[in-house]
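J.: If you scroll down you'll find the structure; I have some questions about it.
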Amino acid sequence: MGTKRVGLARTQALIQNLKRELTIGGAKTQHFQPAQPQKQTYVFKWTYGTDTATAAEHNLKNPLGGAMSLPIGFVVTGGWLEVVTAVTSGGSATLEVGTGTTATGADPNGFVTSIGKASLTANSVHPFDGALAHNTTAAGHRVRTTVAPVSITIGTAALTAGKFYVYVEGYQSMG
């Protein structure tokens, strides 16, 4: 019987095929370029009953409940707030999303400026509109010298129900 070893020429051919551009239907995907920044998405979660719901600023956690921050040198290019379970309150609660007060250049409403509980309905998605996100008035934000926790600021009244995710998109700066 023959050997199961793969020769050098065959290995090189396989690697070349992996490096080529893939075309799948109308979608076009390219391989990652070495030494080039790749788009990344950090996901944070808030759940009533697990996370603090009082009217104040609170750092968000990763979906598994652990502490998480944006790393030094991360350039924020956009993001959104996805509401899974409607957010409710006994009063007229508002929600802001940004970087926590412990971060250099913190902006607690830099991602979402302010949104009322009436807009935070189940299955709704809200794009970033703050000064730290890429939009019509800002080019994005670079996390400078300290890690930046992503925080929410609950205003006016405590929340009484809800679950949402915050998605922060960007890339790691090469500088």
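Quick note: the coordinates plus some simple rules give every number you see, no bench work behind them. Bear in mind that the values here come from a model prediction, so they are computed numbers and not experimental data. Methodologically, a virtual Cβ is constructed for each residue, glycine included, from the backbone with ideal geometry; neighbour enumeration extends over all protein chains shown.
J.: If I stretch the segment between LEU64 and LEU14 completely, what's the gain in nm (0.36 nm per residue apart, minus their alpha carbon distance), one decimal? Numbers along the way, then the final one.
T.: Values: separation 50, 0.36 × 50 = 18.00 nm, distance 3.76 nm.
Net length gain for the segment: 14.2 nm.
J.: Cut-off under 13 Å on the C-alpha distance; same-chain residues fewer than 8 positions from LYS45 excluded. Which aspartates and glutamates are left, in chain and number order?
T.: List returned: GLU82.
J.: Let me ask something else. Would you mind calculating the gained length between ILE72 and THR54 on full extension (0.36 nm times residue separation, minus the Cα-Cα distance), in nm to one decimal? Numbers along the way, then the final one.
T.: Working: separation 18, 0.36 × 18 = 6.48 nm, distance 2.90 nm.
Answer, rounded to one decimal: 3.6 nm.
J.: Also, I was wondering about something else. Among residues other than GLY155 whose Cβ falls under 15 Å from its Cβ, what is the net charge (Lys/Arg +1, Asp/Glu -1)? Intermediate values should be presented prior to the final figure.
T.: Details: positive: LYS117; negative: GLU57, GLU96.
Around GLY155, the surrounding residues sum to -1.
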